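All of the numbers you see were taken from the coordinates with simple rules; none came from a lab. Quick caveat, the model's predicted, so the values are computed rather than measured. Please note: Cβ atoms are built from the backbone with ideal geometry, for glycine as well, and neighbour counts cover all protein chains shown.
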Amino acid sequence: MITTRFAPSPTGYLHIGGLRTALYSYLWARKNSGRFLLRIEDTDLKRNSKEAAQAIEDAFKWVGLSHDDEIVYQSQRFDLYKKYVQKLLDEDKAYYCYMSKDELDELRAQQQARKERPRYDGRYRDYKGEIPNDVKPVVRIKAPQSGTISFVDGIKGEVSFQAEDILDDFIIARADGTPTYNFVVAIDDALMGMTDVIRGDDHLSNTPKQIVVYKALGFEIPKFYHVPMILNPNGKKLSKRDGAMDVMEYQKMGYLPEALLNFLIRLGWSHGDQEIFSFQEMLSLFDPSNINKSASAYNGEKLLWLNAHYIKNASYERLTKELKHFDLDIEDHDKQEILVDALRDRAKTLVEFADMAKAILDTPESYDEKAVKKFIKEDSFEILLKYIAFIKVSEKPLRLPSDFEQITKEFMAKYNLKMKNLAQPLRISLVGSAVSPSVYDVLSILGVDEIVARIETFIHKQKD
Ligand code: GLU
């Protein structure tokens, strides 16, 4: 059974790079009817890990990901890690090192002077001498001193590290007894039954150390997939300014979660030249072996394009529900569907959608002066007044945009007018500016009584 995990350090929020890794791990597990686990890497205890976990769960909930089992907190597993430190000490696969800070500094200085890589020289490995009693020891693992450490990465292929270039007997427990990062990650991944570890390739250099731990403890080594980073359009590390933000910021900016997931899955993975992936397609098509070997660039325009696509295709119920987060409640509006259809092709985000809807639904507080100057002619008020008189006495009920289109054409024919005499004055009096969706949609959304009221108010205010 495939088991994957997402193992964030508790930063207090989930950023989009993290969500991409989580998504890949989630899809791979779910696709294989496997398990997807969540572990909070909170060994430094400085942050509030419960809050951090909650932030991740909130973001997961928003985008529709779910994890199996209880969340694992590394901060609650110190006793367990100690047991494994002891086991390695007992088996002579690890040892106490009594080197003082001064000695370590001196060693570093010598190595630097010889232009060597700073590394621990192994002086307490198999040490038989006297034990200094003024130094609290650390515990170091016996790492291979020569040869290579290799593994087949699911994305990068065969990866080899020369032991002498990258390894020394690294610390697994500090002087205060707390375990170190690579030690606990390897133990947790093994005990949690990881078969596939999918993570950012900024962790690639940790992998040989973790492999040393797996081997020392006799654990099975999982398959690793090191995913290339997301870069900004200039090829630099993605910063907050570029979009490396809290996932929940994207909700506030009016993105639909399906657009964000679609964006993220394509940021580093592809299936031919297909751009749009439903969740079902993501599940059936995703395979971490097809993740790109090179870094991918964040492209905000693409995200907007995808968001527009998903807004265009969302159901009325869905949009109505989502728009409530943006202070727009159209649940009981009798022209809800006409309103949504008038705007769904025009809005790239839900924020834009809500703003455009409010511009129609709310009585204008002012009128665009430039538009008034340009489009309100001497005879405009008279035409508008005749128009409302005309629609008020319509025998046919006026409801749909097509009803308004028909009666407006009859009106223009009767008074020998052109659309240009009417359309912009109508828009300005109804919504305060000369830009709006189709004027027939606006008329239909407002209905006769509201049209009459708004035109009368407009004329009244303009005459003052
Ligand atoms: N805690 C690490 C991070 O947040 C991830 C470790 C891993 O996936 O192995 O970058």
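Computed quantities for the displayed model
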{"quantity": "Under 5 Å, built H, 5+ apart or other chain: amide partners of Asp153", "calculated": "Glu158, Val159"}
{"quantity": "Whole-Hz ³J(HN,Hα) from phi, Karplus 6.51 cos²θ - 1.76 cosθ + 1.60, for segment 380-396, glycine and proline x", "calculated": "5, 4, 4, 5, 5, 5, 5, 5, 5, 4, 5, 6, 4, 9, 4, 6, 7"}
{"quantity": "Theoretical ellipticity at 222 nm over the chain - DSSP helices of four or more residues, -39500 (n - 2.57) apiece, nearest 500", "calculated": "-14500 deg cm²/dmol"}
{"quantity": "Mean Cα-pair separation over length for segment 319-363, i.e. relative contact order, pairs under 8 Å, 6 or more apart, %", "calculated": "38 percent"}
{"quantity": "Order by protection proxy (mean Cβ within 10 Å, highest first), peptides 286-296, 113-123, 242-252", "calculated": "242-252, 286-296, 113-123"}
{"quantity": "For Leu231, residues with placed amide H under 5 Å, excluding near neighbours", "calculated": "Ser296, Ala297, Tyr298"}
{"quantity": "Over 23 Å between alpha carbons, listed pairs Lys31/Lys223; Lys312/Lys370; Lys335/Lys392; Lys252/Lys358; Lys321/Lys348", "calculated": "Lys312/Lys370"}
{"quantity": "Of all DSSP beta bridges in segment 154-299, antiparallel share, percent nearest 5", "calculated": "30 percent"}
{"quantity": "Share antiparallel - DSSP beta bridges, the chain, percent rounded to 5", "calculated": "55 percent"}
{"quantity": "If the convex hull is drawn through the Cα atoms of segment 174-297, its volume per residue in Å³", "calculated": "166 Å³"}
{"quantity": "Rounded to 10°, Cα long-axis angle of helix 207-217 versus longest principal axis of the chain", "calculated": "50 degrees"}
{"quantity": "Angle in degrees between helix 101-113 and the longest Cα principal axis of the chain, rounded to the nearest 10", "calculated": "80 degrees"}
{"quantity": "Sorted by Cβ density within 10 Å, fewest first, the residues His309, His460, His325", "calculated": "His460, His325, His309"}
{"quantity": "Gap separating the Cα centres of segment 111-173 and segment 292-347, nearest whole Å", "calculated": "54 Å"}
{"quantity": "Neighbour-count ranking [beta-carbon atoms within 10 angstrom, fewest first] of Leu80, Leu261, Leu304", "calculated": "Leu80, Leu304, Leu261"}
{"quantity": "Gyration tensor over alpha-carbon atoms, segment 250-338, equivalent ellipsoid semi-axes in Å", "calculated": "31, 14, 10"}
{"quantity": "In degrees, nearest ten, helix 78-90 long axis to first principal axis of the chain (Cα)", "calculated": "30 degrees"}
{"quantity": "Likely footprinting exposure, Phe404, Phe78, fewest C-beta neighbours within 10 Å first", "calculated": "Phe78, Phe404"}
{"quantity": "Cα centroid separation, segment 61-88 to segment 403-424 (Å)", "calculated": "70 Å"}
